[in-house]
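The values are calculated or read from the model by the stated rules, or taken from the named source; none is laboratory data. Model, not experiment: these values are computed from the prediction. Positions of Cβ are generated from backbone atoms using ideal geometry, with glycine treated the same way; all protein chains shown enter the neighbour counts. Protein only, heavy atoms only, side chains kept; ligands, DNA and RNA dropped before computing areas. Shrake-Rupley method; radii C 1.70, N 1.55, O 1.52, S 1.80 Å.
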Amino acid sequence: MLSPNNKIICGVDLGSHRLKIAAGLLNRNGDFSSLEYTSAKSYGIGAGLLTDISSMSRTLREALGILERKIRHTIKRVYININAKDLVSRYASAAMPLCDRGNKIVTAQDVSLIKSQACSLGLKLEEEIIHEFPCRYVLDDQNEMQNPNGLYGHKLSVDLYLIAAKLAHIENIVKLTNQAGLEVEDVVFSGLAASLSVLDTNLKTRGCVLIDIGADLTQILLFKDNILRFAEVINYGGNNITQAISEVIKLPFELAEEIKETYGSATSKDINDSEEVMIKKDDSYRPIKRRVISSVIEPEVTQLLTRLKEKLDSSTYLRGIDYPIIITGGTGLLDGLLELAESILCRPVKLGIPKAQLPAQNYQPRYGKDLLSLSSRSVIYATAIGLILYGFNLKQENKLTIFQSPDKNIFTYLTGRMKDIYSEYF
């Protein structure tokens, strides 16, 4: 039987425009029985970096109160996303002899040790690794594989793909969460979380690209052989489009955001010249042609897609291969964006909608009514739902995170980590 704390898996998406929270409830068998979510306007965060912890923690606490009333449970621990323009990804390699003479069987301890060495070599002083993805293992410089456990060999090598964040950034996220009365289960790269909710294993094995367009940042992830091969964060998002509307049409930012979501289009070719939108400004209404709104949006979207194409064309994994592109995030709902993306990126593009069914084995989950009624608009919650799936997978595999050490103190862990790095370099 599950303890009360294990009945709920909660994901918090710290978005620059809106804070999104989702919670999945587990039944006695450990399967999902329901899913609920909520959102609130974000304060004190920009481009993934916290600028006002007090305001953001207050917003988080108030949104959690709404969600707790929906699920009729208290939320104590959360999986939370991390995303910023200074988030880094890089490859790291290491090699070690398995024994002085002859061969030996590779053990789980050998695999753990070689990965640890590669992580140390690929880590800078002020960073902490968020995720590590083994791309390949090599035995005796010639035998490549995904899992060397149980094989004989004399020398073991590994190539890892790492995603790392600044230690200070992690500390700020933990402080924010604690100030809201919560504990951190784990910190997860936003793009990885979104991929768990909108991509299936078959698609990631064949090869695909996920583009998650956020308010300030856009993330690109490339999967092949079910392994993350490339990830990058671009400092450009939906807020850039809104800001352009606000400046050109001279509207308050919030009104420009509403206009974009309700009447905006990424292309103007199908918009009738006579079609107008009535916009309230001060105490009166004034008409604006939809084509004018679109003429502001189209160059901004084109600029974003052009930058994405440059990144994709620079990846060796994509040369000559038309991997499908999946776009998620609220901006993906903009009329005409998918069609424009296909023409600029020169690859098939579709909207990435979170899975309709969470990974229950012998149980048909009951979903919150909002998820069923919103359909494609649930892309807004792709990261929050993905965080739930991330936590579910960890619990299924009985894996611990750096936040689940015996003392449960992240600051103790990070201090120890800084000492370890210092000893490695000096």
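For the condition of a type in the set (G, A, S) and under 22 Å from K224 (Cα atoms), what is the one hit in A92, A108, A168?
Only one candidate passes the filter, namely A92.
Would you mention how many residues in the range 127-176 are under 30 Å from I45 (Cβ atoms) and of a type in the set (F, W, Y)?
Total meeting the criteria: 2.
For the range 116-136, give me the residue count where each residue is part of a helix (DSSP H, G or I), farther than 12 Å from Y91 by Cα and in contact with a strand residue (DSSP E or B) (Cβ under 6 Å, 6 or more places away or on another chain).
1
Cβ-Cβ distance below 9 Å, separation of 6 or more or different chains: which pairs start in the range 301-314 with a residue that is within 18 Å of G214 (Cβ to Cβ) and end on one that is of a type in the set (S, T, N, Q) and open to solvent by 70 Å² or more (accessible area, probe 1.4 Å)?
So the pair list comes out as L305/S343.
List, please: which pairs have Cβ atoms under 7 Å, are six or more places apart or on different chains, and start with a residue in the range 64-90 that is free of Cβ contacts under 8 Å to residues at least 60 places away in the same chain and end with one that is assigned to a loop (DSSP other than H, G, I, E, B) and open to solvent by 30 Å² or more (accessible area, probe 1.4 Å)?
E68/T74
It is to be established whether one or more residues within the range 351-360 are open to solvent by 20 Å² or more (accessible area, probe 1.4 Å) and at pLDDT 90 or above.
Within the range 351-360, one or more residues are open to solvent by 20 Å² or more (accessible area, probe 1.4 Å) and at pLDDT 90 or above.
Give the number of residues within the range 91-102 that are free of Cβ contacts under 8 Å to residues at least 12 places away in the same chain and either in contact with a helix residue (DSSP H, G or I) (Cβ under 8 Å, 6 or more places away or on another chain) or within 20 Å of G386 (Cα to Cα) (or both).
The total comes to 0.
Could you say which residue among T177, T201 is in contact (Cβ under 8 Å) with a residue 24 or more places away in the chain and open to solvent by 60 Å² or more (accessible area, probe 1.4 Å)?
T201
Tell me which strands (runs of 3 or more DSSP E) are completely within the range 216-293 and hold 2 or more residues being open to solvent by less than 60 Å² (accessible area, probe 1.4 Å), or say none if there are none.
218-224, 227-234, 276-281
Only one of (1) without any contact (Cβ under 8 Å) to a residue 60 or more places away in the chain; (2) open to solvent by 10 Å² or more (accessible area, probe 1.4 Å); (3) out of contact with any Gly (no Cβ under 9 Å at 6 or more places or on another chain); (4) more than 25 Å from D186 (Cα to Cα) fails for G153. Which number is that?
Tallying (1) without any contact (Cβ under 8 Å) to a residue 60 or more places away in the chain; (2) open to solvent by 10 Å² or more (accessible area, probe 1.4 Å); (3) out of contact with any Gly (no Cβ under 9 Å at 6 or more places or on another chain); (4) more than 25 Å from D186 (Cα to Cα), G153 fails exactly one: (2).
Restricting the range 301-319 to residues that are buried (at least 19 other Cβ atoms within 10 Å of the Cβ) and part of a helix (DSSP H, G or I), which is farthest from the chain's Cα centre (by Cα)?
The qualifying residue farthest from the chain's Cα centre (by Cα) is V301.
For the range 43-53, state whether one or more residues are touching a Pro at 6+ places or on another chain (Cβ under 9 Å), surrounded by 16 or more Cβ atoms within 10 Å (Cβ to Cβ) and not acidic (D, E).
no
Take D322 and decide whether it is surrounded by fewer than 15 Cβ atoms within 10 Å (Cβ to Cβ) and on the phi > 0 side of the Ramachandran plot.
No.
Would it be correct to say that G207 is crowded, with 17+ Cβ neighbours inside 10 Å, farther than 30 Å from M56 by Cβ, of a type outside the set (A, V, I, L, M) and in contact with a Lys or Arg (Cβ under 7 Å, 6 or more places away or on another chain)?
yes
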